[in-house]
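Student: Below you'll find the structure I mean.
The values are calculated or read from the model by the stated rules, or taken from the named source; none is laboratory data. Here the structure is a predicted model, which means the values were calculated and not measured. Ideal geometry is used to build each Cβ from the backbone, glycine not excepted, and the neighbour counts take in all protein chains shown. For the accessible areas, the whole protein counts, side chains as well, though only heavy atoms, and no ligand, DNA or RNA atoms are used. Shrake-Rupley method; radii C 1.70, N 1.55, O 1.52, S 1.80 Å.
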Amino acid sequence: MAGLDMEIRFLKGVGEKRAAAFAKLGIHTVGDLLCHFPRRYEDRTHYTPIAAAQPDEWVCIRAMVATEPTVSRIRRGLELVKLRVVDDSGSVSVTYFNQTYIKNQLLRGETYYFYGKLSGEGKARAMANPDWEPESAPAVTTRCIMPVYRLSAGLGNKYMIGCVRRALELAGEDVPDYLPESVRQAQGLAQARFSYENIHLPTDLEMLELARRRLIFEEFFVLACAMERMGKRAKNKSGFTVKKPQPEQFYSRLPFSPTGAQRRAAEQCMDDMASGCSMNRLIQGDVGSGKTMVAAACVWAVCAAGRQAAFMAPTEILAEQHFRTLSAFLEPFGITVELLTGAMSVKAKREAKARLASGQAQAVVGTHALLTADTEFAALSLVITDEQHRFGVEQRSALAVKGDRPHTLVMSATPIPRTLALMIYGDLDVSVLDELPPGRQKVDTFCVNSSYHQRLNNFIRKQAAAGYQTFVVCPMVEESDTDTPAAADLKSAVDWAEQLRRELPELRIQCIHGKMKPKEKDAVMKSVVNGEADVLVSTTVIEVGVDVPRASLMLVENAERFGLSQLHQLRGRVGRGNQKSWCVLVTDNQSEETRARMKIMCSTADGFEISRADLAMRGPGDFFGSRQHGLPEMRIADLCGDITIMQTAQEAAKELLARDADLASPECRALAKRIETLFSDGNIIMS
Ligand code: ADP
Ligand code: MG
């Protein structure tokens with residue numbers, strides 16, 4: 001494996017500086033580069049006669065340079081190269097910005113291929129900065145299916161293609177291959193070398209599809225084998241059996257009456273914990289369905305029996321929120337709840353830990369801080385994780401080992417398809433909260449285009465004047481987006497906050513974005529919860545679970561960029577108090593698909609219906625938001641979109657393990673090794 005393990009800096013044309021840019025993408029070796037699959041492709045195989053191209057269409061044309069390229073200097077730092085190119089059907093004016101060298105490369109009378117966005121009509125047809133190649137040169141950016149990679153600063157797409165090409169040459173037949181030959185043949189899948197070549201540099205769409213199929217299958221297959229083998233260790237005898245309690249006692253002290261669904265779920269949990277086996281249950285319920293109360297009922301049952309419970313949340317702000325709720329629910333029963341987060345003072349942490357270790361405190365709510373080695377429990381019997389897909393499998397078990405085979409409960413607002421749930425959790429039971437607490441107001445949802453901007457600003461002012469808050473959510477703008485055509489219209493949270501501050505100077509406007517440290521995010525979020533801001537502009541960091549009771553308006557910019565389930569989660573952030581609440585989806589995207597998606601959002605409030613539609617449409621947005629499922633990062637497979645391949649892979653995995661439970665045969669060697677490292681090589685998504 002010398003080729004694949006070679007450090008990327010030694011690949012021809014890379015070097016130290018670029019290696020650092022590669023590292024930002026998680027690419028350290030030649031093998032990593034080969035597994036950095038394109039995020040999409042541009043079909044540039046066909047070229048269009050100039051006259052046949054539509055305005056604003058991205059096209060490949062074959063044309064002759066008709067005029068000597070001229071250079072003009074517009075101002076310091078802006079130089080243009082201009083030329084006119086022609087084919088049999090028409091002509092186009094081509095402009096390059098700040099690439100003066102092109103003047104000497106594009107020769108009058110020679111024919112080239114150009115790929116770019118064509119604007120204007122007739123004589124006014126123009127192209128800015130098109131990719132170009134001489135007819136005689138190899139097809140890299142024209143006349144081909146061009147891969148588009150996720151990039152980082154300092155790495156261009158063309159450069160990336162060149163590196164991948166060299167990596168493929170260097171690797172030869174020695175590419176990653178985990179599929180046992182017998183499985184590959186039985187499934188009629190392409191060979192590894194072919195697949196790596198065609199996933200990066202496909203000769204045509206058919207080859208690409210064959211390659212994709214093989215690689216997706218392989219990825220699911222490895223995962224399914226790993227899960228199968230872990231699943232074997234699932235149902236075990238519990239460390240502590242909770243004698244079946246009388247939940248009415250708990251309900252009678254709640255500030256509200258539990259819904260039927262909450263009672264059913266709590267009852268199921270208590271049955272599990274009384275069964276003698278460890279509970280391993282997922283509570284699935286739409287935003288606002290009241291999952292916290294079910295968790296509290298379990299904590300109550302365990303603590304009343306003299307044991308301890310730990311509740312882990314993905315962020316400080318959520319931990320504090322749950323801490324307040326749980327304390328209020330449980331203190332009337334004499335149960336002491338602790339808070340444990342990284343932001344607390346060393347002293348406060350030490351004292352909280354001491355009370356947990358001695359058993360003086362019965363319950364704790366915390367963040368990852370719960371996982372540190374010096375957090376010990378006297379009698380931990382219940383482990384709860386909220387919004388669990390933010391945690392890795394590994395982290396969940398890291399908390400569980402602090403007790404003796406404790407019961408586990410995970411809570412999620414993301415309706416996960418059954419097959420996927422089984423794959424992620426193995427032998428897991430599911431309770432569904434399919435009923436919202438009474439009196440919830442529907443969040444009125446509208447979809448508008450950006451011409452409504454001023455009116456929306458007035459709406460924000462009105463909410464603020466009434467003492468309510470507005471969330472404005474912008475899509476994540478990846479660095480690699482900056483070279484895509486739509487980038488100019490994408491609103492980044494930071495820029496948008498700046499603009500709103502100018503337009504609404506009388507309002508207090510805060511901003512949260514992905515580049516901030518968790519601590520900084522938490523501080524901003526806290527000030528919002530405390531009512532110290534009128535408007536919070538953010539990327540999707542507020543998607544998960546935070547309760548801001550005075551928020552009444554959710555504005556989503558570039559709504560077409562979000563998955564339906566994600567939009568639904570975002571909408572769930574408002575309408576949590578008694579006031580009337582609104583969700584406004586802003587998009588200028590006119591495509592059929594966007595319109596259909598917006599229509600669903602405006603017409604239903606049912607999270608399950610929405611996720612079904614999301615799956616059916618296979619929207620561009622990743623079903624879980626961005627990689628929040630706690631599984632190893634999938635390089636190519638889409639955990640929801642490729643359901644059929646996933647099922648086939650799972651069956652094949654079962655079959656193989658039935659034949660060779662220890663993966664001992666020689667054809668399984670690579671697979672067995674891969675599974676071993678799957679959960680230990682930093683593959684787990686942290687949050
Ligand atoms: P989620 O399922 O989204 O985590 P929460 O547990 O945060 O929902 O509950 C949302 C809100 O609904 C909270 O303010 C909670 O106090 C309230 N709530 C929960 N159950 C009920 C109920 N049965 N009746 C009235 N309000 C409830
Ligand atoms: Mg919640």
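Student: List, in the order given, every pair from LYS12/LYS117; LYS462/LYS517; LYS237/LYS402; LYS237/LYS347; LYS347/LYS515; LYS103/LYS123 whose Cα-Cα distance in the structure shown is over 27 Å.
Tutor: In this structure, LYS12/LYS117; LYS462/LYS517; LYS237/LYS347; LYS347/LYS515 lie more than 27 Å apart at Cα.
Student: So what J values fall out for the range 18-24 if you push phi through Karplus, 6.51 cos²θ - 1.76 cosθ + 1.60 with θ = phi - 60°, rounded to Hz, Gly and Pro as x?
Tutor: 5, 4, 5, 5, 5, 4, 4
Student: Turning to a different aspect of this structure: Based solely on its DSSP helices, what 222 nm [θ] is calculated for the chain when runs of n ≥ 4 H residues each add -39,500 (n - 2.57) and the sum is averaged over all residues, nearest 500 deg cm²/dmol?
Tutor: The helix contribution divided over the chain gives -11000 deg cm²/dmol.
Student: Mind listing the phi-derived Karplus ³J(HN,Hα) values for the range 270-276, rounded to whole Hz, using 6.51, -1.76 and 1.60 with θ = phi - 60°, and x for any glycine or proline?
Tutor: After applying 6.51 cos²θ - 1.76 cosθ + 1.60, I find 5, 4, 4, 6, 8, 6, x Hz.
Student: Can you tell me the FRET efficiency between GLU16 and CYS602 if r is taken as the Cβ-Cβ distance and R0 is 51 Å, rounded to the nearest 0.05?
Tutor: So, using R0 = 51 Å, E works out to roughly 0.45.
Student: Same structure again: Starting from the Cα-Cα distance between ALA357 and GLU498, subtract it from 0.36 nm times their residue separation and give me the gain in nm to one decimal.
Tutor: Here the answer is 46.0 nm.
Student: Another question, then. Which percent, to the nearest 5, of DSSP beta bridges fully inside the chain are antiparallel?
Tutor: Beta bridges within the chain, antiparallel portion: roughly 40 percent.
Student: With a 1.4 Å probe and all protein chains in place, put GLU592, GLU376 in order of accessible area, largest first.
Tutor: If we order GLU592, GLU376 from most to least accessible, we get GLU592, GLU376.
Student: How many times 2.2 N^0.38 Å is the alpha carbon radius of gyration of the chain?
Tutor: 1.07
Student: Here is a follow-up. What's the percent breakdown of Cα-Cα distances in the range 1-146 across 10 Å bins, shortest bin first?
Tutor: It works out to 11, 31, 26, 21, 10, 1, in whole percents.
Student: Another question about this same structure. As a test question: what accessible area, to the nearest 10 Å², does GLU197 have when a 1.4 Å probe is rolled over all protein chains in place?
Tutor: 80 Å²
Student: Something else now. Take the Cα gyration tensor of the range 224-367, multiply each eigenvalue by 5, square-root it, and list the three semi-axes largest first, rounded to whole angstrom.
Tutor: Value: 24, 21, 17 Å, ordered largest first.
Student: Measuring with a 1.4 Å probe in the full set of protein chains, what accessible area per residue, in whole Å², belongs to the chain?
Tutor: The answer is 44 Å² per residue.
Student: Kindly express, to the nearest 10 degrees and within the range 0 to 90, the angle between helix 669-678's C-alpha long axis and the longest C-alpha principal axis of the chain.
Tutor: Between the helix axis and the principal axis of the chain, the angle is about 70 degrees.
Student: Tally Lys/Arg at +1 and Asp/Glu at -1 over every other residue whose Cβ is under 10 Å from the Cβ of ALA224; what's the total?
Tutor: -1
Student: Within the accessible area of the chain, what % is carbon and sulfur when the probe is 1.4 Å and the other protein chains stay in place?
Tutor: 51 percent
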